[in-house]
């Protein structure tokens, strides 16, 4: 693929709830920098982050869980190598989920941010998320974890507080039990893509709460790719089979399912940014090209409708995630 031009249509910036932040519509998911999909050299990782920043991506998301802290370390080096003012980019990391397991205690998340800042070589992060809260006690999140994050916000270690997870019900559970404005951002994944649009159902509710909305995994963690999902993917077999058929259909038509999936996710302006993992300069170029093409000439509605037809029998099919909440 031809390299995306640095003089192409600038990436759209979208407001993130009531934070005052404006995020590039394409966000850089840094989990691949932790070698979670394949080994990526440090020099390639730095080149990838540089390319993303050059093409207008200003939002970078990581977690101590990704690659057992490697993602944070490599992203930190890459951002430092940009040699630009800290205000030029927006960084989110997470707490509560680690290589060794889950721990949402006040003590652990307080220690966690200091460790993350050291790895990222930063004085503060813009957003600190509680990571995959459905694996903990939601009441602990409300009564212990978030109060600890409020203290970290007051201490200047994070500017804003977020929560992440797969089941959409976790967001209303927490948001209905904390004072308005306490949680600034939610990060949802695998619920706004061609095969699953259930995030759309709660967008009006989230707007009433004033939270910014980040949607991750527009390719449904690899389901909407030609090569298919990794072996560990938790989707039921009928969903995998349908997505494989959609990918084959696109290939036969000379169309790119990942590009169409990315554009579909980007087309909802209520979502502040679409977070997608990237591990190469080519992937950055492809994602930015998808966004700029959408902005200039729109989406291939006909092919998207045909893909939706193939996926209709498994529309909004998901999978279980987390522990039983008492």
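Residues that are assigned to a helix (DSSP H, G or I) and touching a strand residue (DSSP E or B) at 6+ places or on another chain (Cβ under 8 Å) were ranked within region 9-52; the one that is farthest from residue 68 (Cα to Cα) is 52.
Taking the conditions (1) closer than 20 Å to residue 314 by Cα; (2) touching a strand residue (DSSP E or B) at 6+ places or on another chain (Cβ under 8 Å); (3) part of a helix (DSSP H, G or I) in turn, residue 224 satisfies each one other than (3).
Going through region 66-98 one residue at a time, which ones are buried (at least 18 other Cβ atoms within 10 Å of the Cβ), free of Cβ contacts under 8 Å to residues at least 40 places away in the same chain and part of a loop (DSSP other than H, G, I, E, B)? 66, 67, 89 - these are the residues of region 66-98 that are buried (at least 18 other Cβ atoms within 10 Å of the Cβ), free of Cβ contacts under 8 Å to residues at least 40 places away in the same chain and part of a loop (DSSP other than H, G, I, E, B). Could you check region 99-207 for strands (runs of 3 or more DSSP E) lying wholly inside it with 3 or more residues that are over 24 Å from residue 323 (Cβ atoms)? Once the strands (runs of 3 or more DSSP E) in region 99-207 are filtered for at least 3 residues that are over 24 Å from residue 323 (Cβ atoms), what remains is 125-130, 158-165. The residues of region 227-242 that are surrounded by 12 or more Cβ atoms within 10 Å (Cβ to Cβ) and either over 17 Å from residue 319 (Cα atoms) or in contact with a helix residue (DSSP H, G or I) (Cβ under 7 Å, 6 or more places away or on another chain) (or both), listed by number, are 228, 229, 233, 239, 242.
From the list 150, 141, 161, the lone residue that is surrounded by fewer than 17 Cβ atoms within 10 Å (Cβ to Cβ) and in contact with a strand residue (DSSP E or B) (Cβ under 9 Å, 6 or more places away or on another chain) is 150. Considering region 175-185, the residues that are touching a residue at least 12 places away in the same chain (Cβ under 8 Å) and out of contact with any strand residue (DSSP E or B) (no Cβ under 6 Å at 6 or more places or on another chain) include one that is surrounded by the most Cβ atoms within 10 Å (Cβ to Cβ), namely 175.
Every read-out reported here was derived from the displayed coordinates using simple, explicitly stated rules and does not represent laboratory data. For clarity, every value in this text was computed on a predicted model and none was experimentally measured. Glycine also receives a Cβ, built like all others from the backbone with ideal geometry; neighbour counts cover every protein chain displayed.
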